[in-house]
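Peer 1: Provided herewith is a single structure, encoded as structure tokens, for subsequent inquiry.
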Amino acid sequence: MTWHSRTSTTTTTPAARGMGRDGARQADGSAVTDRAQDRDTTRPPDGVAAARADGRSRRAGSAVRAGSRRARPFLLVLLLGLTLNSCAGPASSATRPRATGSGETAARAAAPEPRSSAVPFAGASSVGVLIDSQGEHFCTASVVNSPKGNVIATAAHCLQDAGGDPAYEPGELEFAPGFTGRGKGTYPYGRWKVGSVHLDERWTDDAEDADAADYAFLTLAPDARGRQVQKVVGAATPDWSSAPDRRVTVVGYPNKQHNPGNLPIACTTDTRPDPDLPQTLLMECAGFWEGTSGGPWLADYRDAKHQGRLIGVLSGGDTDSESTAALFDDRTRELYEEAAGS
């Protein structure tokens, strides 16, 4: 696996390192400090692994790092004891997996109504999870439309601390679109090897505006049949110039503590600019626990065949009911083009 930072021509291959946010790990396997809400999942005692965090924190001074949802800097909101309701999601409820993509023709469905809490979702096979070498899933990711059909998007802090080292050995990461099911879960569209990781230099340098660059693009190798992931499961088209006030459908995979069936959830709601972090969006919808980081924010989503536009990925929030995303812009596009051309 190769790692890239935008505007840098160097490519580094990480040595033995641990993992972040969903928790970055230190080289000795110990958990990186200052997690807001650590995952309850621990890796087997293989000499490297420790507890993962898909914590939900946002920058508090300079202490909070990858592996946590980045915490708001001024106060902690009382955690809401909200649980997912069981009503149908904003998309198809097909009982057997079927790949979905914007290229298919179908009647255009009405846009989902706004909600205050997330619901189970079966609306886009292009959304899935990142999986480590132990088979554990830890963050959400989704396929992004690209010329080669091999690009996915997730949160930068899922991959490494801001200013830190890459968190995985080459070949450790996989993407499982449409992942679902108890225990280890099932992979209806297979598992796709990550070939390269592309991060904004503001994130790798831990710049003052690193929160505005908490996104990453990854490329995937073809499957055993030579197919690119986009051909199999479809993709969402990115939008590099979205206004901050949009109606979005946000999709994610909460961790097992809150989601023992490993089901994706979704919420349709309205965004607004985050008053504390420039170039960052804020939404309010309950149910986005640890594990949902990297999930797509889809503007004008209607159904699985009309996914709308990808304007950001979930990066942080104070509680399960408040989430943030860095709004995609021209700098995001430059990073995407680097990944798409690699």
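Peer 1: List the residues whose amide H sits under 5 Å from the amide H of Leu281, counting only those 5 or more places along or on another chain, with H placed 1.01 Å from N in the peptide plane.
Peer 2: Asp274, Ala325, Ala326, Leu327
Peer 1: Using the heavy atoms of the protein chains and a 1.4 angstrom probe, tell me the accessible area per residue for the range 193-299 in square angstrom.
Peer 2: On the way: 3450 Å² over 107 residues.
Spelled out: the 1.4 Å probe surface of the range 193-299, per residue, equals 32 Å².
Peer 1: Let me ask something additional. Round to a whole number: what % of the accessible area of the range 132-195 belongs to carbon and sulfur, probe 1.4 Å?
Peer 2: On the way: 890 of 1850 Å².
After summing per-atom areas, the C and S share lands at 48 percent.
Peer 1: Restricting to Cα pairs below 8 Å that are 6+ residues apart, what does the relative contact order work out to for the range 179-259? Please round to a whole percent.
Peer 2: 22
Peer 1: What figure, in Å² to the nearest 10, do you get for the accessible area of Ser117 with a 1.4 Å probe and non-protein molecules left out?
Peer 2: 30
Peer 1: In terms of modelled amide H atoms, which long-range or inter-chain residues lie less than 5 Å from the amide H of Glu322?
Peer 2: Answer set, sorted by chain and number: Cys285.
Peer 1: Express the C-alpha Rg of the range 228-301 as a ratio against the empirical globular expectation 2.2 N^0.38 Å, rounded to two decimals. List each step's numbers first, then the result.
Peer 2: Numbers: Rg = 13.8 Å, N = 74, 2.2 N^0.38 = 11.3 Å.
Here the answer is 1.22, to two decimals.
Peer 1: Let me ask you something else. Which order, highest average first, do 292-300, 272-280, 248-256 follow once you tally other Cβ atoms within 10 Å for each residue and take the mean per peptide? Before the final figure, lay out each step's value.
Peer 2: Values: 292-300: 28.9, 272-280: 16.4, 248-256: 26.9.
The packing order, highest mean first, is 292-300, 248-256, 272-280.
Peer 1: List the trypsin sites (Lys or Arg not before Pro) in the range 152-228 that DSSP assigns to loop (not H, G, I, E or B) and whose Cβ has at most 12 other Cβ atoms within 10 Å. Which are they?
Peer 2: Values: sites: Arg182, Lys184, Arg191, Lys193, Arg202, Arg225, Arg227; in loops: Arg182, Lys184, Arg191, Arg225, Arg227.
Answer by residue number: Arg182, Lys184, Arg225.
Peer 1: Kindly work out what percent of the DSSP beta bridges joining two residues of the range 221-342 are antiparallel, to the nearest 5. Intermediate values should be presented prior to the final figure.
Peer 2: Numbers: 24 of 26 bridges.
Once the DSSP bridges in the range 221-342 are tallied, antiparallel ones form about 90 percent.
Peer 1: So what's the net charge close to Asp223: Lys and Arg +1, Asp and Glu -1, counting the other residues with Cβ under 13 Å from its Cβ?
Peer 2: Details: positive: Arg191, Lys193, Arg225, Arg227, Lys231; negative: Glu174.
Once all neighbours under 13 Å are counted, the net charge is +4.
Peer 1: For the range 137-208, what is the convex hull (Cα atoms) projected area averaged across all directions, in square nanometres?
Peer 2: 5.8
Peer 1: Would you mind calculating the relative contact order of the range 206-342 from Cα pairs under 8 angstrom and at least 6 residues apart, reporting the percent as a whole number?
Peer 2: Numbers: 264 pairs, mean separation 37.9, N = 137.
Relative contact order here is 28 percent.
Peer 1: Hey, another quick one. Roughly how far apart, in whole Å, are the Cα centres of the range 262-320 and the range 186-255?
Peer 2: Answer, in whole Å: 13.
Peer 1: Sticking with this structure for a sec: Is there a quick way to get the dipole size of the range 264-342? I mean about its Cα centre, with the Cβ of Lys and Arg at +1 and of Asp and Glu at -1; what is the value in debye to the nearest 20?
Peer 2: Once rounded to the nearest 20, the dipole reads 360 debye.
Peer 1: Here is a follow-up. Can you give the charge dipole size of the range 204-327 about its Cα centre, rounded to the nearest 20 debye, using +1 on the beta carbon of Lys and Arg and -1 on the beta carbon of Asp and Glu?
Peer 2: Details: 10 positive and 19 negative charges, 228 e Å.
Computed charge dipole of the range 204-327: roughly 1100 debye.
Peer 1: Additional query: Loop-only check: which GluC sites (Glu not before Pro) in the range 299-342 are DSSP coil with at most 11 other Cβ within 10 angstrom? Spell out each step's value before the answer.
Peer 2: On the way: sites: Glu322, Glu334, Glu337, Glu338; in loops: none.
In loop regions of the range 299-342 (DSSP not H, G, I, E or B), there are no sparsely surrounded GluC sites (Glu not before Pro).
Peer 1: A further question follows. Read phi for every residue in the range 273-289 and hand back ³J(HN,Hα) as whole Hz from Karplus 6.51 cos²θ - 1.76 cosθ + 1.60, θ = phi - 60°, with x for Gly and Pro.
Peer 2: x, 6, x, 9, 10, x, 6, 10, 9, 10, 9, 10, 6, 6, x, 8, 7
The values are calculated or read from the model by the stated rules, or taken from the named source; none is laboratory data. As the structure is a prediction and not an experimental result, all values here were calculated from the model. FYI the Cβ positions are ideal-geometry reconstructions off the backbone, even for glycines, and counts take in every protein chain you see. Keep in mind that these areas ignore ligands, DNA and RNA; they rest on the heavy atoms of the full protein, side chains included. Shrake-Rupley method; radii C 1.70, N 1.55, O 1.52, S 1.80 Å.
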